Amino acid sequence: MKRAGFLALLAGVDGSLSGRAFEVQDVCLSCDPRTNLYSECYNCVEVQKKCWTHNDAANIYACVAIPDSNQQPTPTPTPTTGPNGNSVSDEEEICDRLNWCNNNGDCAEKSSTEGYCICNDEYEGETCDQRKSSGNSAISCSDLNNCNNHGRCFSPSAGDSYCNCYVGWEGRSCHIPVTTIECSDLNWCSQHGRCIDTGKGKDNYCVCDNGWNGNNCEISFQNYVQCGQDLFCGSHGRCIDKDNQNDFCACDQGWEGTTCSIQKRCGNLVCQNGADCVDQRCLCKAGFNGDDCADYDPCRVTSCYNDGQCDVINGEAFCNCAPGWKGPYCRTRIPCTRECNRGQCKHGANSQYCDCPADVEGTNCQEDCATACNLQTHDCNMVNKKAVCTPKRKSICDAMRPCQNGCTCNDGDLDGYDYTCSNVDGHFFLGKRCNYDEPQLSCTSDHITVTVTNDILLRNIFSSEAKFCTGVDAISDCPLIFTDAGSHSTLRVARKDFSKIAAPVVDAGVLTFESTVKSLRYYESSPNSPVTTTIFKFQCNFGVDLTPATITPLEWPKIEVDSNQATFHVEMKFYSVDARAGINRRARTSPILLVQEEIFVNLEPTANTFASFPALGSQTGIRVKNCDLVGSGQRTTIIEDGAAITNEHAHASFNTQQPDSGVEFSLIVLNTELRDSTLECTAALCTGDACNHTARVGRSVKAGARFFNIAIGPFMIADLSTGTQSALSVL
């Protein structure tokens, strides 16, 4: 389009052009979509219907009105200097109103009443009071002062924001006023609105009807958003033109928002490859995996059948088939052709093989017991893949049926000779073949009675005597001997001798005595060394009124006693039998004493004392002066000034077998009033034959000897309840 030369004043020109008019090129340019100024050019030409032109001297583009062909160039306004300049025009008040462009540009007159600022390069705004944005960051609407409220600001997702100026304003931020616009300049709003006459000296403008837009109401709008004008999708989406409907942005994977400027997140992740976000987790499409579905595994969409395994080779899925299968998906069976006789042909990793039954061996299952052995008379075992036949074992249980009285017979390890007979539940027949009567056991709080048949003693012409026995020292001696009553032998033990059967054991309020019955067979060739045979075990259980927190074994006290010749180590112990048992008897460790039970309290020097001083054995003993039972807040004397005492709580006596050294007395507790007791004694060394022979009262204290104190405890006094249980077991 050819035009006569005309003038245009623009902000943002070089400082050397400030305050001067410049001539715009007389050609209107077309808009190039490849340039950064495409949006401003489009708005100038298509919306404002003006001319987009370029000034070569200033190297700037401008949007100017298209004048009539006869229009003369507008005279250049005379610029004035600032208030400190050398000259001031008559219209000084015009520049005063503009604050002399804040010394950031030149003030120019447009008429006798109006002026404007031509800003330097770094400033903009109506009075050059705004510094332009700098650097490589995108220009925002704030940088454009929001178009000085003389236009509409657009912010694409990528690139600088720009202003679409209202009619009557122009410039980068719509800060430059143009000549007053009349309604005729607005084409009377194109008959799609009404023109508002603002009065002389102000721009008129259009108020468009519904469905129309533009300065002249020339654009059919219909209230929809248009790509390239109202909507820019940036680099993460593309704008979809809907034809007279709202255009929209189709966002790329992982982006959202009206302009595709918001990265879509799923919790702390961005889902990839079309994955959906469900409950803050990425739900991957087929073949993809990983927290964000970024990894691709072709095996996830490949099915390998019949136990085939999928492997990835060069990014492709490959089925590694199990033995006996082939094909791309392991669906084709490979025939198994090996001859296996009684076995089954199977596929191995690299070859076929024969799977033989348990009684068949050989490469082709050719060795088997069924054909090699007579299984009715022989047992067959495969040895080194060969059948080995062995005669079946003879069963003495089947052949002889040796067990009697309903006992079960079991063959032993010796072929045809060894066997055992086992009682059925509730029975206790004795003998190897269960051929002797069951023993009888009775347990009461006063007596324990055991009865056993004498047939099991097997008396014969070679044995001079045979009897039954039991007791705590039954391994080496039997303190309790059964009474022979002809066909049977019976043992009846009173309560005071219960501890001679066995040391009592207390658990969960139950006191138990358990012992073993043995037979003693004497021969003339060795009358003092009987042959001992264990026959059966019995057990009596009693309820006791005894609930200690813990029951621990007694510890025997040992003290040092000085003499003018040696230092004695004296011990104090409890025994269940008296000193006649000699070295075979064992000290009690149970802390339980039963009411009416007889125990033997022993005080004597240790063996190593006499080993060091052998001459002392016949000269030095122990004299007990006093002994007290202390417990439950009271003290009961059982020995006073060397004499044993009987009272309502206990009975003590020296009338018992005395040891070779030291002293011993018997003790029977009569009730449970002294439930938790300690035995405290005072004694001294003594001399003379009385210290080493049978018990007597009035032993003399060794000259110069000092008394010493010794104590055992605590031990617990228990009484048996009437409720009892008994048990037998055959050995």
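Structure above, values below:
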read-out	value
Qualifying strands (runs of 3 or more DSSP E) (wholly inside the stretch 329-390; at least 1 residues being within 30 Å of ALA317 (Cβ to Cβ))	344-347, 352-355
Failed criterion for ASN384 (all others in (1) exposed (fewer than 12 other Cβ atoms within 10 Å of the Cβ); (2) within 50 Å of the chain's Cα centre (by Cα); (3) on the phi < 0 side of the Ramachandran plot hold)	(3)
The stretch 392-443, residues that are surrounded by 15 or more Cβ atoms within 10 Å (Cβ to Cβ) and within 30 Å of ALA494 (Cβ to Cβ)	PHE428, PHE429, LEU430, TYR436, ASP437, GLU438, PRO439, GLN440, LEU441, CYS443
In the stretch 251-275, residue nearest to SER235 (Cα to Cα) [restricted to those that are part of a loop (DSSP other than H, G, I, E, B) and among the aliphatic types (A, V, I, L, M)]	VAL270
Segments classed as strands (runs of 3 or more DSSP E), wholly inside the stretch 462-514, with at least 1 members that are surrounded by fewer than 17 Cβ atoms within 10 Å (Cβ to Cβ) and modelled with pLDDT under 80	463-470, 505-507
Residue pairs meeting the criteria (Cβ under 9 Å; at least 6 apart or on separate chains; first assigned by TED's automatic domain parsing to the domain that holds ASP425, in the stretch 391-410; second assigned to a helix (DSSP H, G or I) and among the aliphatic types (A, V, I, L, M))	PRO402/ILE396; CYS409/ILE396; CYS409/MET400
Scope the stretch 671-705; condition basic (Lys, Arg) and either surrounded by 18 or more Cβ atoms within 10 Å (Cβ to Cβ) or at pLDDT 75 or above (or both); matching residues	ARG675, ARG699, LYS702
Of all residues in the stretch 574-628 being under 29 Å from VAL510 (Cβ atoms), among the aliphatic types (A, V, I, L, M) and part of a strand (DSSP E or B), the one that is modelled with the highest pLDDT	VAL601
Strands (runs of 3 or more DSSP E) contained in the stretch 392-457 and holding at least 1 residues closer than 24 Å to ASP484 by Cβ	440-443, 447-453
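Yes or no, residue by residue, for (1) over 15 Å from LYS537 (Cβ atoms); (2) without any contact (Cβ under 8 Å) to a residue 40 or more places away in the chain; (3) not basic (Lys, Arg):
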{"residue": "TYR419", "(1), (2), (3)": "yes, yes, yes"}
{"residue": "SER422", "(1), (2), (3)": "yes, yes, yes"}
{"residue": "LYS432", "(1), (2), (3)": "yes, yes, no"}
{"residue": "ASN435", "(1), (2), (3)": "yes, yes, yes"}
{"residue": "SER442", "(1), (2), (3)": "yes, no, yes"}
{"residue": "SER445", "(1), (2), (3)": "yes, no, yes"}
{"residue": "THR449", "(1), (2), (3)": "yes, no, yes"}
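The values are calculated or read from the model by the stated rules, or taken from the named source; none is laboratory data. These figures come from a predicted structure and were not determined experimentally. Positions of Cβ are generated from backbone atoms using ideal geometry, with glycine treated the same way; all protein chains shown enter the neighbour counts.
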